[in-house]
Every structure is written in structure tokens, then in C-alpha cells.
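Remarks on the structure that follows.
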Protein chains: 2
Amino acid sequence: MAMNVSQKLIKNHLVSGEMVPGTEIGLKIDQTLTQDATGTMVMLELEAMNLDRAKTEASAQYVDHNIIQEDSKNPDDHLFLQSAARRFGLYYSRPGNGVSHPVHMQQLAKPGKTLLGSDSHTCANGCMGMLAMGAGGIDVAMAIAGEPFYVKMPEIWGIEVTGRLPDWVSAKDVILELLRRHDVKGGVGKIIEYYGPGLEHLSAMDRHVIANMGAELGATATVFPSDKEIHRFLKSQDRGKDWEEIVADDGATYDLNEEIDLSTIEPMIAKPSSPGNVVPVTAIAGEPIYQSYIGSSANPGYRDFAIAAEIVKGKHVADGISFDINPSSRQMLTDLVKESHIASLISSGARLHQAGCNGCIGMGQAPATGRNSLRTTPRNFPGRSGTREDSVFLCSPETAAASALTGKVTDPRTLDMKYPKVKEVSRPSIDDGLLQKPLPMEEARNISLEKGPNIASIPEMSPLPDKLEVPILLKMNDNISTDEILAGGSRVLPYRSNLPEISKFSFEIIDDTYYDRAMEIRDVTGHALVGGYNYGQGSSREHAALAPRYLGLRVVLAKDFARIHWQNLVNFGVLPLTFKNDSDYDSLSQGDTILLEDLRTTIQNGKEVKVTVKGTNQSFTAVHALSERQIDMMLKGGLINWVKARHKKEVKGGI
Amino acid sequence: MAMNVSQKLIKNHLVSGEMVPGTEIGLKIDQTLTQDATGTMVMLELEAMNLDRAKTEASAQYVDHNIIQEDSKNPDDHLFLQSAARRFGLYYSRPGNGVSHPVHMQQLAKPGKTLLGSDSHTCANGCMGMLAMGAGGIDVAMAIAGEPFYVKMPEIWGIEVTGRLPDWVSAKDVILELLRRHDVKGGVGKIIEYYGPGLEHLSAMDRHVIANMGAELGATATVFPSDKEIHRFLKSQDRGKDWEEIVADDGATYDLNEEIDLSTIEPMIAKPSSPGNVVPVTAIAGEPIYQSYIGSSANPGYRDFAIAAEIVKGKHVADGISFDINPSSRQMLTDLVKESHIASLISSGARLHQAGCNGCIGMGQAPATGRNSLRTTPRNFPGRSGTREDSVFLCSPETAAASALTGKVTDPRTLDMKYPKVKEVSRPSIDDGLLQKPLPMEEARNISLEKGPNIASIPEMSPLPDKLEVPILLKMNDNISTDEILAGGSRVLPYRSNLPEISKFSFEIIDDTYYDRAMEIRDVTGHALVGGYNYGQGSSREHAALAPRYLGLRVVLAKDFARIHWQNLVNFGVLPLTFKNDSDYDSLSQGDTILLEDLRTTIQNGKEVKVTVKGTNQSFTAVHALSERQIDMMLKGGLINWVKARHKKEVKGGI
């Protein structure tokens, strides 16, 4: 059967399930990437699993998010991550090397491989003929430990690319045009696969731009073929031998079909405050701006900075404009310096920042209140820039540079100049010190994890007891969000590597006595929670399951659960149950003690669990929705213990 | 009479007093500089004074401290400062242009002039044959408004410089050697004046390094002659016409004398946690390091970065070292890029940060807990790096670069290489857009101040009433510090431009009901405070006087006052009184109401003030220590009103 590239990639990695859209498949993972903001918990999970060494072909730990270092927490995290990378046999990219996605592309990405990353823009490396996907931290930890990644088989959406981009229009305008057409949910449950004659005119880095913002379309992955251009790119990185050709078979088909003619695209811009809020630049030209920001994984290429440099060369940016340059990797920065592009940018009035994610994730360079900021970054959700009342537009480097010169939103085609042709560097400054290589196994085993005062191991977690007799510490209403379970923000986030500390903020907004009450009985009985409909909606943060579990949570009874939080509870060994009859919710009160007996046998033998309210004659039926794999995981006390058991590690007691 | 350079500078600017060490003199101020962290309050003070236009020859507002922008507060401050600079006729240096001191030196410094700045390292420009001094915010506001600066006539300390620095030893080692000899109080009450044949071998920027850290010796100012080297420097900046020769007369003498022979100096290093804790590098060579940091106003020159670049060129820094490069000005960064030094630094593994103060004032690049950080910055006070348990060493760029290569404290003379000769750029990239020039007066008058939501004007303050009948809201013990009056730290500091908000933190540590109780009677009677000995010790922050004044504080009765806080109270119209008999302190209780009658006449006619305790028959004598000038200021309601009156502006009522 003729196959497209996505199908080939999936088929070659399928370890369970059928390739039928919507059904669960298990995929072997060849490579992983973790960044520092999510990576510390992943490394603590690997420690808790007693992992000896990464089972993947290549796993890399990048430091790119938290590199401002206003106090010791970030640098302590960096040292911890470096020691963990050494201990577990990972690559380590230190602060200053750049953003994970372009660095991974330059150093490790290989056509034909799968890549799972604890960063939503992991999909960017789909430009290399890889199946590259973002996932939660523990999913990546599992992949590093050699476990498959489970996902619903997506539909494959084929986009045929024809024509050639006009002057002043670049890859960013292509993906913005697709966001204009399909908005931020258009790609949900789909892999977007690009093919067709137009690809000949899109470089590997152009494709990175397009693949990166597949995340903004909501797609599971974006896939490009591995063609001659990818061969050229790998050869320029001295990695020609890593290339293999992977293109769609003649006659391959797609579940959905679309065409995009590059020659018809014009400069596009996403208005505040959604990447899907796209209009042509002409529609808002003339709006005054405060900031023009070049960089991030959504425009990481040498070309993206060089074209901006050529546009502003010999000129000054408009009075009072903050023109921020955020290089994406040390290697590209070196080349941009050598080719005088950085000199052009600085002379024009630019502020040059260290290589990393920086402003893209609100770590510096926040705009002034209510002032317009033009950015080449992938997202403009409200407040993401760091400024609550922000006004962020997403555009190409051409549009951002042109607007910096004029001080207002400017269609770059209206500049009085010829479109500068930027030549890629034929021999990039390859830096083999960019990624510290994994240590040999014997050496790695002697490494101990370096934990600063704010980094705490995940404690051992006990298997599911056969009998639970637990008080209900909170009875909650409908639509409790993970923000209410465990808030984000600058007060709480610094404790992301410290479960004992971050758990103190659990349910603080709902009932600030919860922490004390839970701790009092944590090692005696543990406790239960009761929720209404849509329990655990919102952010996917795994801490919202892990922190209450740390405080002794064993079971949550709710009318129903938000999908990701339900998964997180299961992953960390908390039993999520729904009421067979929702009216039983009313019979429960905060302070009641519930009794669940023969629990281990019961959940293995069926979906129903009998719940008795102590001191009354009442009992009712609750229901679990665990798969066989998940039942096994639950019995063992969660994913970490499950992996330990797979590797024949002893599971002792614990919280 | 033969005069030294310091005497010439003082004599030419003397408007009051005699040049007798220890007595108060008034000096005409030609130039001012303000930075953003202190400048917002200065600009609000100018607004409150109804200043129309700066009366100085040149005043510049720099943005170099708060340039990370994690939310809207910093960028809102920048816009406010830019609008204030335009309104009041100041130069404005936007974020990214660099640190105030080297930029001022390049663009505005003029031999023979006085410079007052709201930054303690303002003394750096003493390298240009100027009298350059740091001062509090309102002192600088007064200078901008054309008022003299009052200071005790310092002793002049002549240091004769002989010999020539050996290879691998540079200006930083000279000032570290002086700190080794005299420690951090050795310069208190003195102007340090350098002269002698050794100056021939110290460039203008070398002298900047030495003058800058005169602040660490505690000196009032550091003065170098304006000689041929200063002429060369100014010519290289296209400002040759700004030069005039100012050297000591033959036969000039000094109050104190010392010699330093450059040829005997070796690489020096200040150990944690004081700039005076200096030893030769050899004494601690081999200590492992975590970070090597090049930059700041203490090593701001092209040479300082170029020598580091030459040392690491073609090599890699040691595994895991954070090698941070913090350029000090856009102009020098441009030249360093053009001359390939930045390429050498980045290729060796450096992290390149935007031009500004950054890590020097704890704004990023904090080291990991307890790890050794080698820095070319001027200060290593505990915690200043941002990390509470820090371990910061101060050294030359040569020592920092050598140590980055080896991963441990390294005497650069032990590197297996020839000392690289760094050539100054003969034609620096002069950037005339670096400083936005003052607007013409008519245009300036049309500018309104741009105030983000966190910037609030200083309200009008009422003159001293003739009768005060005020309750004592707090009775405090000895040694109350300004930290207890108004805390610093990241919770309070963001409100430095917002008096109504920051005043909510007043006395919070001592009695958190103070704010509410004060606000209740603020517009009815106002209130009094009672303190013991050494009231207001510690930091010089003017908010510690301004915030309680905003809440209605009119009089403080104490056993005695710390000098600077006393001055700040007077500046903001709060009457500081001491007890004639300390035992009267015991007769007062919190909650008592005190009565002061005929107050305006009384303080003009003598030092004693009668204080009656309402509802009792008690009264006692208190004493004021105001000078004639200060009595006038007090009657008018503080410095701001006093300036308004000088410029014939109406003073209405107010708080």
C-alpha cells in the first residue's frame, strides 16, 4: 500500500494498537528532549524510578527557559540538570547554547526517528522528516525509561505546497496564513504533512518555522519529507551520514487534503491575543508600536536574523522603539557576528540578548502597559509576554524589522529598498562543545545528583492498599480548575523542583486549612476528595495531581473529570472514581469517612467499586474507567512504581 | 598659591563656605546623571517642584539598571523617564545603550566640570578631570533645578603613581591593591587625587576603573588630571574641543600623601564578601569556580573585554563554567563585534548579555548557591549577586578569563601564553543616537509625563503649621533602621515610583496597624513618632522619610538621629527634634497627644521648642539642629516647596 511520510514513521514505531484514527496506539520513542522548566521534575521522576541509564537512542536536556538568574534557584536547577544528565546518560545543553528546538535540529535530529519532548513546540523538528511531539513531563520520563508513548492515532492532513514565495514574504507568513484559515483548533487530532513542488523553495529552517507553529494549530505533529534539502542541511552540520530519504510513496493518500500556493501569500500578522487572529499586515499598517522583537523557536534561523539585519543596516530604528534581538543558538549567533549582521543590528539601535527563550515565555523584555509589541514568537496569549495588559502581534522578521524602522506596523513591501537576498552560511560554525555528550555508563554510575536547597527528591509512593478508610477533606463544586488545586505564578512556580514546598500551596484558594489537615493524617490514613462536574479543568500541570498525592490523597470521587487531570491522577496513583448515580454526591459531606474494601481485587474484576460511609448505614456504587495497563499501574502506586517493577526494582512502602 | 586639581575644581565651583576640611561648602553643579532605579523619584520630585527646565549645562537620564522587564513595571518606568527627560530638557539614554558611567564619559563628560549623580559610582567620571560625586535623589533633583550641592569640604589625599604595570596586571589590580592597603573606609571624608609619571601608562578607561572603585574606599570623589591622554580620548570621540588641560600646579600639596609603584603590583583579588578583603591571586589559586563574569562600570572599557577575548580565543572555557559577558555600552559592543572579539568570546562558550548593569546589581546572572563567582564588578557584599548564600570574588578581566579556562581561580601569569597586546580602536564607532538630545524649550513644554499604572506623582506638601497638635502613633526603642521604617526587597521595591502604594509598607515590621491609624488622621491632624537613640540608621533610602510624611508625619522626637535619615526628614519637611533631657523620653506614651505652639516663630528664634503633653500638666524642652537654610526649608514644607518658592511658584496646601 502506498504510504505517506507520517504513516511510514508511525508504522516503523508501532508497538501496540492499530493505525485507525481515534484509537490508542503505542509508539517506540527514539529521542527525547526536555527543557529546564519542565525537566527538573522529569529528572526527579527518573530518580524516583531508579533509572540506571536512558534507554533511548538520544535524549537531551536543554537549559533555555529560566536563564535570567535573579537568585540562586535557576542556577541551582542548572547544576542539578547537568548532574542528572550525566547520571542518566543524557546530552546536556548548558545555558547560553540556545533554544532546544533549533539546537536539537542542528545537533541530534535524524530523519525517520521519533522525538518526544516536554515542550509543546517539540513538533518543530518534524521539519527533519521526524515524528516529533510534545508531551507531559512524566510521558517523557517514561520514554527515557524505554516505555512507549501512547496517543490516539491522528488523522493525516496532507497540505500540498505549490509556487514560490514573493519577495518580502517568508515562512512565518505561510504558517500565519494557515492559522488565518483554520484558527487555533484546526489541527486538533491531526498530523499535518506538507508535500509538493513548493517545498523545493523552503529551506530546512523555513520548514522549522512552519512545523513549530503547528502547535498553534493544535496539531499532534507536523511532518515534512526528508529530501535533498534535509540532506544539504545535515551535510552543512557535518552530519550527512545521518540522512536518509523519506518521502511519500507515489499514490499515497491523506485523510484530509488542502493546497497552499506560496506565490499568493502576502505579509500576515496575528493580532492580540491569539495566534489565530490573523489578518494581512496591510489591514493594520500604521498602528504605532513600542517594541519589535526578533527571535524564538518560531523564527530561529540564521536567515531570520540576517534579513532583519540587512533591512536595518545603516539606519536607525525609530525613536523610542525597543528593538530586541533574541538569538536562538550560540552557533547561529557566532555566524551572525562573523558575517557582520550583529554589528548592523546593534548599530541600528538593537538590544542584543543572550541566546535562549527569554521574552517568548515572559522571561524578560515584557512590553510597557498597553503598548503594541511586534514579535516573531509563536504565541500572543494574553499576559504571556509578562505584561498583564499586553498587546502582542505575531509576524515575520521582515515585518518586525520594517516596523522597527518606521515606529508603526509596516508592510515590508512598502519600504523604499530592494528585497535583500540573504545567503545561508555555507560552512556554519559548528560547535561540538554545544552539547555535552552522555558519559560512559561506568562513569555515569558514579555521578550523584547535585541538589541545591530548593530541589527535593520525589518520595517513594506506596502501592494501592486493599482497604481504604479515608476522611473527605474537601467537598467541592463543579469546574474546579488545576489553578485552584495548585496555582501557577511567580509565587508558586519557583518551587517546581520541590514537591514538599509546592504542596503547601495545594487548594490554598479553596480552603487554606487543607494542607495542615492533610499533613496531620498523611501517614495515618491518607484522605479523599469529592468534586462535581469537570473536576481538574484547565492547565495540564502534573503538580496538581502530584502535590495532593504527596499530602496523602488516595481517591477522588467526582461527577466527572477533565481528561488530562484524570490521566495525571492515574499516573501518580490516585484512584479517580465517578458516581454511578450523581445524586450520591449529595449524600456526602466534608468530614465523612469513606470505606473502600477489597479494592485491589475489585478494580481488577470490574468497573464498579462499593463505597461505604462510615458511621452510617449508607453505601453507594462508584465507577472507575481504568484500562488494563492503568489498573496495573494503579495497583503498583502509579507510573513511577510501574516502571520500577518493569525493571525489577523493589517497590517499598512510602507516602 | 599652588593648587592641586581637586582644589582648582572646588574653587571654581564654590558658592558658599570656606575650603576648610570638615566645614560645609556649597558647590555649583554643571552636570547631573540619574539612572532608572533612582531616577523615577528624581523626576517625580522635579514634577512636584514645577521645574520648567533643567538649569544645568547637561543632565542625562540613563536606563541601565532595571532592563530585564519581567512585567510592565520596568518598561512603564522607561517610558516615564523618557517623557520626563523630554519635558525637563535632559538627555535620555534608552535601555540597551549601556551603563551610565562609561556612556557619560564617552558622550558628555568634560574636564573642569562638576558632576552629581544619583548613583554611588558617579565618581567614575573623576577620571576625566572632573569633580564627580554620588548623592541622594533629591540632592540631584535640586542640582537639576539649579541649586548648589552642600557637602563637607573633604581632605585631599594625593597618591603619586610611578612605574608601569607588568604584563597580566591591569588597572583593576591597582584599585584592589589600594583596597588591600586601606579597606572600605580608608577614603571616607577624602578626595583621592592621582598624579605622577605613572599616569602616562594608564589610559582614560584605566583611570575610569580606578576612579569608579574609589566608591569602595568610601571616598567623596576621585580626581585625575585632564592631560594629553584625556585629550586623546576626547578626540577619539570627536569631542577634542571639549578638552582643557587641568593639572596640579608645581608645588601643589596634599592633606595626605601616598605612593603607588605600578611595577610592583601583581594580580589581586577581593575575597567574599567585601571589596576590602583583598589578597594576591596566588594566595587562593586553585579554588574551584562556577562563574566568571566580565563587565560592569568597574571594568567597562573596550580593552577589558578585548583582553578577555584574546585570552580565550580558540579555546573552550572549562566544563560547566558560566562565562558571562556583560557589555557596558552599545558603542563598545559594536567595536568588539567588528574587531571579532565577541566572536572569540562566544566561540569559547560565553553567554553574551545586553549592555547594562545586569548582574552587577543582582539583575540576573546570580550564581548557584555557595558556588564561587569571579567578577570584574565593583562590589561583593553578601547577597548583592541575587543569591543569598553567594561567594563572590572581585578581580581583573585577565584573572577572570584565565580562571574561566581552567575552572579554578588562576593567576593569569601562569597561563602558557604570551600576554596579548590589545590595541584600542583608533576610530571608535561613535553613535550619536546613543543619547537622545534635550528637546528645544518650546517643544519640551508641550510634553506630558507618561505615567503607567504604577507611577504616581508626589502630592503637594503643606508648609509647617504654626501649631501642631498631633498624637504619637508609635513609640519606638533604640536603633530603629530604615529597613524597619520601610523595607527593601522585591516585594516593596517595585513600588519605588508610587508613593501612595509604597507607603502602605511603612513600619509594617514594627506595627502593622500604623498605616491604617496614620491614614485615618492624615488630613485631620497628622501625627508624631517617638524614637530612641540612633533613629533611622542604615540605608540612605529617601522613601523612609517620604512615605511616613505622605501618611501625615510632621514631627519625630528621638534621643538622637542617624545622619542621613535626619537629613531626609528635613528635606521632606518633617521636623526632627531631640530631647533636651533624654529622661523626658520616658514620660511619653504611644497614644499621647503632643502640642507644639508658635512653632514657626520658635524655630526661627532659637534651638529650643516647648512640647506639652495634652491632658496633663506636663511639658518639656526639645531641641532642633536646623541650619538657617534648613529652617527656611522646614517652614516652607521641605525642599520641594523651597525650590518652588525660589522660582516664585505658588505653594498651596496639601498633605
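The values are calculated or read from the model by the stated rules, or taken from the named source; none is laboratory data. None of the values given here were measured: they were computed from a predicted structure. Cβ coordinates were reconstructed from backbone atoms using ideal geometry, including for glycine residues, and neighbour counts include every protein chain displayed.
Is the range A:374-397 home to any residue that is more than 30 Å from A:G489 (Cβ to Cβ) and either in a helix (DSSP H, G or I) or at pLDDT below 95 (or both)? Working first, answer last.
Narrowing the range A:374-397 to residues more than 30 Å from A:G489 (Cβ to Cβ): A:396-397.
Within this subset, residues satisfying the condition of being either in a helix (DSSP H, G or I) or at pLDDT below 95 (or both) are A:397.
Yes, that holds for at least one residue.
Going by the conditions given, is B:L588 more than 18 Å from B:T525 (Cα to Cα), in the same structural domain as B:L493 (by TED's automatic domain parsing) and in contact with a Leu (Cβ under 9 Å, 6 or more places away or on another chain)?
On the way: more than 18 Å from B:T525 (Cα to Cα): yes; in the same structural domain as B:L493 (by TED's automatic domain parsing): yes; in contact with a Leu (Cβ under 9 Å, 6 or more places away or on another chain): yes.
Yes; evaluated as a whole, the condition is true for this residue.
I need every pair where a residue in the range B:423-434 that is within 11 Å of another protein chain (Cβ to nearest Cβ) has its Cβ under 6 Å from the Cβ of a residue that is surrounded by 15 or more Cβ atoms within 10 Å (Cβ to Cβ), sequence separation at least 6 or different chains.
B:S429/B:Q331; B:S429/B:T334; B:S429/B:D335; B:D431/B:Q331; B:G433/A:H316; B:L434/B:N97
Among the residues of the range B:142-171, write down those that are among the aromatic types (F, W, Y) and on the phi > 0 side of the Ramachandran plot.
Keep residues of the range B:142-171 that are among the aromatic types (F, W, Y), which gives B:149-150, B:157, B:168.
Within the range B:142-171, B:W168 is the sole residue that qualifies.
Quick check on my filter: what residues within the range A:250-298 are of a type in the set (G, A, S) and either within 26 Å of A:W157 (Cα to Cα) or more than 26 Å from the chain's Cα centre (by Cα) (or both)? Quick ask: steps written out before the conclusion?
In the first step, residues of the range A:250-298 are kept if they are of a type in the set (G, A, S); the result is A:251-252, A:263, A:270, A:273-274, A:276, A:283, A:285-286, A:292, A:295-298.
A:G251, A:A252, A:S263, A:A270, A:S274, A:G276, A:A283, A:A285, A:G286, A:S297, A:A298, listed by residue number.
Here are some conditions: (1) within 14 Å of chain A (Cβ to nearest Cβ); (2) closer than 26 Å to B:S203 by Cα. B:C123 meets all but one. Which one does it not meet?
(1)
Assess whether B:G158 counts as being more than 21 Å from the chain's Cα centre (by Cα) and assigned to a strand (DSSP E or B).
Values: more than 21 Å from the chain's Cα centre (by Cα): yes; assigned to a strand (DSSP E or B): yes.
Here the answer is yes, as B:G158 does meet what is asked.
Suppose we keep only residues that are in contact (Cβ under 8 Å) with a residue 12 or more places away in the chain and either surrounded by fewer than 24 Cβ atoms within 10 Å (Cβ to Cβ) or not assigned by TED's automatic domain parsing to the domain that holds B:S481 (or both) within the range B:557-566. Which one would you say is nearest to the chain's Cα centre (by Cα)? Write out each step before concluding.
Start the filter on the range B:557-566 by keeping residues that are in contact (Cβ under 8 Å) with a residue 12 or more places away in the chain, which leaves B:557-562, B:564-566.
Checking which are either surrounded by fewer than 24 Cβ atoms within 10 Å (Cβ to Cβ) or not assigned by TED's automatic domain parsing to the domain that holds B:S481 (or both) leaves us with B:559-562, B:564, B:566.
Values: B:K559: 29, B:D560: 26, B:F561: 22, B:A562: 19, B:I564: 14, B:W566: 19 Å.
Among those residues, the one meeting the criterion is B:I564.
From B:E443, B:E469, B:E450, which residue is within 14 Å of another protein chain (Cβ to nearest Cβ), surrounded by fewer than 19 Cβ atoms within 10 Å (Cβ to Cβ) and not in a loop (DSSP other than H, G, I, E, B)?
Working: B:E469 fails: within 14 Å of another protein chain (Cβ to nearest Cβ); B:E450 fails: not in a loop (DSSP other than H, G, I, E, B).
Just one listed residue meets the conditions, B:E443.
Starting from the range B:273-292, take each residue that is in the same structural domain as B:E389 (by TED's automatic domain parsing) and more than 10 Å from B:L394 (Cβ to Cβ) and list its partners that are of a type in the set (F, W, Y) and outside any loop (DSSP other than H, G, I, E, B), counting only C-beta distances under 6 angstrom and pairs at least six apart or across chains.
Once the first residue is in the same structural domain as B:E389 (by TED's automatic domain parsing) and more than 10 Å from B:L394 (Cβ to Cβ) and sits in the range B:273-292, its partners that are of a type in the set (F, W, Y) and outside any loop (DSSP other than H, G, I, E, B) give B:S292/B:F323.
Please work out if A:R554 is surrounded by 17 or more Cβ atoms within 10 Å (Cβ to Cβ), at pLDDT 95 or above and within 30 Å of the chain's Cα centre (by Cα). Break it down into steps so the answer makes sense when it comes.
Numbers: surrounded by 17 or more Cβ atoms within 10 Å (Cβ to Cβ): yes; at pLDDT 95 or above: yes; within 30 Å of the chain's Cα centre (by Cα): yes.
Yes, satisfied.
Can you name every residue in the range A:277-308 that is of a type in the set (F, W, Y) and part of a strand (DSSP E or B)?
Taking the range A:277-308 as the starting set, the residues that turn out to be of a type in the set (F, W, Y) are A:290, A:293, A:302, A:305.
A:Y293 - this is the single residue of the range A:277-308 that is of a type in the set (F, W, Y) and part of a strand (DSSP E or B).
If I ask for residues that are surrounded by fewer than 18 Cβ atoms within 10 Å (Cβ to Cβ) and aromatic (F, W, Y), which ones from the range A:530-547 would you list?
Correct list: A:Y533 only.
Just a yes or no: is a residue in the range A:347-363 under 30 Å from A:I430 (Cα atoms), touching an Asp or Glu at 6+ places or on another chain (Cβ under 6 Å), at the interface with another protein chain (Cβ under 10 Å from one of its Cβ atoms) and not in a helix (DSSP H, G or I)? Walk me through how you get there before you give the answer.
Residues of the range A:347-363 under 30 Å from A:I430 (Cα atoms): A:347-363.
Cutting the leftovers down to touching an Asp or Glu at 6+ places or on another chain (Cβ under 6 Å) gives us A:351, A:356-357.
Then drop every residue that is not at the interface with another protein chain (Cβ under 10 Å from one of its Cβ atoms), which leaves A:351, A:356.
With the extra rule that they be not in a helix (DSSP H, G or I), the set shrinks to A:351, A:356.
Yes: one or more hits.
Residues to consider are A:V623, A:V611; find the one that is closer than 23 Å to A:A518 by Cβ, at pLDDT 95 or above and among the β-branched types (V, I, T). Don't jump to the end; show me each part of the working.
Working: A:V623 fails: closer than 23 Å to A:A518 by Cβ.
Just one listed residue meets the conditions, A:V611.
Among the residues that make up the range A:386-398, is at least one of them closer than 20 Å to A:H316 by Cα and within 14 Å of chain B (Cβ to nearest Cβ)? Reasoning before the result, please.
Residues of the range A:386-398 closer than 20 Å to A:H316 by Cα: A:396-398.
Next cut, within 14 Å of chain B (Cβ to nearest Cβ) only: none.
For the range A:386-398, residues closer than 20 Å to A:H316 by Cα and within 14 Å of chain B (Cβ to nearest Cβ): absent.
Name the residues in the range B:278-329 that are out of contact with any helix residue (DSSP H, G or I) (no Cβ under 7 Å at 6 or more places or on another chain), within 14 Å of chain A (Cβ to nearest Cβ) and surrounded by fewer than 17 Cβ atoms within 10 Å (Cβ to Cβ), would you?
Those that are out of contact with any helix residue (DSSP H, G or I) (no Cβ under 7 Å at 6 or more places or on another chain), within 14 Å of chain A (Cβ to nearest Cβ) and surrounded by fewer than 17 Cβ atoms within 10 Å (Cβ to Cβ): B:P288, B:G314, B:D319.
Being among the hydroxyl-bearing types (S, T, Y) and either out of contact with any strand residue (DSSP E or B) (no Cβ under 8 Å at 6 or more places or on another chain) or surrounded by fewer than 23 Cβ atoms within 10 Å (Cβ to Cβ) (or both) is the filter; apply it to the range B:57-89 and report the residue that is nearest to the other protein chains (Cβ to nearest Cβ). Steps first, answer last, please.
Taking the range B:57-89 as the starting set, the residues that turn out to be among the hydroxyl-bearing types (S, T, Y) are B:59, B:62, B:72, B:83.
Remaining after also requiring either out of contact with any strand residue (DSSP E or B) (no Cβ under 8 Å at 6 or more places or on another chain) or surrounded by fewer than 23 Cβ atoms within 10 Å (Cβ to Cβ) (or both): B:72, B:83.
Working: B:S72: 4, B:S83: 10 Å.
Filtering the range B:57-89 for residues that are among the hydroxyl-bearing types (S, T, Y) and either out of contact with any strand residue (DSSP E or B) (no Cβ under 8 Å at 6 or more places or on another chain) or surrounded by fewer than 23 Cβ atoms within 10 Å (Cβ to Cβ) (or both), the one nearest to the other protein chains (Cβ to nearest Cβ) comes out as B:S72.
Filter the range B:364-374 for residues that are more than 7 Å from chain A (Cβ to nearest Cβ) and in contact with a helix residue (DSSP H, G or I) (Cβ under 7 Å, 6 or more places away or on another chain) and give the result.
Kept after step one, since they are more than 7 Å from chain A (Cβ to nearest Cβ), are these residues of the range B:364-374: B:370-374.
Scanning the range B:364-374 gives a single hit, B:L374.
Is it true that some residue in the range A:481-490 is within 32 Å of the chain's Cα centre (by Cα) and within 20 Å of A:P459 (Cβ to Cβ)? Break it down into steps so the answer makes sense when it comes.
Residues of the range A:481-490 within 32 Å of the chain's Cα centre (by Cα): A:481-490.
Still in the running and within 20 Å of A:P459 (Cβ to Cβ): A:485-486.
Yes, that holds for at least one residue.
I'm told B:V99 meets every condition in (1) closer than 30 Å to B:R413 by Cβ; (2) out of contact with any His (no Cβ under 7 Å at 6 or more places or on another chain); (3) surrounded by fewer than 24 Cβ atoms within 10 Å (Cβ to Cβ) except one. Can you identify the failing condition by its number?
All conditions are met except number (3).
What strands (runs of 3 or more DSSP E) completely inside the range B:30-145 contain at least 2 residues that are of a type outside the set (S, T, N, Q)? Before you say what the answer is, go through the steps one by one.
Details: elements: B:31-34, B:58-62, B:91-93, B:114-117, B:131-134.
The qualifying strands (runs of 3 or more DSSP E) are B:58-62, B:91-93, B:114-117, B:131-134.
Among what's in the range A:399-422 and is part of a loop (DSSP other than H, G, I, E, B) and among the basic types (K, R), pick the residue that is nearest to the other protein chains (Cβ to nearest Cβ). Steps first, please.
Here is the first cut: in the range A:399-422, the residues part of a loop (DSSP other than H, G, I, E, B) are A:407, A:409-411, A:415-422.
From what's left, among the basic types (K, R): A:418, A:421.
Numbers: A:K418: 25, A:K421: 23 Å.
Here the answer is A:K421.
Take the conditions at pLDDT 95 or above, more than 8 Å from chain A (Cβ to nearest Cβ) and either buried (at least 24 other Cβ atoms within 10 Å of the Cβ) or assigned to a strand (DSSP E or B) (or both) and apply them to B:S344. Does it pass?
Numbers: at pLDDT 95 or above: yes; more than 8 Å from chain A (Cβ to nearest Cβ): yes; either buried (at least 24 other Cβ atoms within 10 Å of the Cβ) or assigned to a strand (DSSP E or B) (or both): no.
When the stated conditions are applied, B:S344 does not pass them.
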